[in-house]
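Worksheet: one structure, shown below.
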């Protein structure tokens, strides 16, 4: 399983990619929410790797997040849900929702894991 530093490198990589195209009116809102979600996935996995743990699935990771950050569970679950809808159902968040997800929820979640975007 990847180390904490590998996961942190992936967080930074995903954030750099997101910054390369993100605006609230991007035509790639589906990709923006997906990249944001996977940045958070790697942030969670970095914390778990530090504890010598790893998630084997999204379901298991959700359980870890609920335990580690119960007060931020709603933000994580929302980003997870919209990312899944973007990946599998063709969902594209409107600019208001995208701004909430990327400009508020993402930094709040990353900060909770000690990562400053």
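Each value in this text was obtained by applying a stated rule to the coordinates, not by laboratory testing. Here the structure is a predicted model, which is why all the values come from computation and not from measurement. As a convention, Cβ positions derive from the backbone with ideal geometry for all residues, glycine included, and neighbour counts pool all protein chains shown.
Are there any helices (runs of 4 or more DSSP H) wholly within segment 62-117 with 3 or more residues that are surrounded by 16 or more Cβ atoms within 10 Å (Cβ to Cβ) and either on the phi > 0 side of the Ramachandran plot or in contact with a helix residue (DSSP H, G or I) (Cβ under 7 Å, 6 or more places away or on another chain) (or both), and if so which?
Details: elements: 73-89, 95-99, 106-112.
Counting at least 3 such residues, we get 73-89, 106-112.
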Return yes when residue 33 is in a helix (DSSP H, G or I), within 10 Å of the chain's Cα centre (by Cα) and closer than 14 Å to residue 4 by Cβ and no when it is not.
-> no
Here are some conditions: (1) part of a helix (DSSP H, G or I); (2) closer than 21 Å to residue 115 by Cα. Residue 52 meets all but one. Which one does it not meet?
-> (1)
Which numbered condition trips up residue 17, out of (1) closer than 13 Å to residue 102 by Cβ; (2) under 11 Å from the mean Cα position of the chain (by Cα)?
-> (2)
Long-range neighbours under 7 Å by Cβ, at least six apart or interchain, first residue over 30 Å from residue 49 (Cα atoms) within segment 92-114, second assigned to a helix (DSSP H, G or I) = 92/29; 92/30; 92/86; 93/29; 93/33; 93/82; 93/101
So how many residues does segment 49-73 have that are over 16 Å from residue 108 (Cβ atoms), within 15 Å of the chain's Cα centre (by Cα) and touching a residue at least 12 places away in the same chain (Cβ under 8 Å)?
-> 4
Answer residue from segment 1-40, given it is free of Cβ contacts under 8 Å to residues at least 24 places away in the same chain and touching a helix residue (DSSP H, G or I) at 6+ places or on another chain (Cβ under 7 Å) and is farthest from residue 83 (Cα to Cα) among those = 17
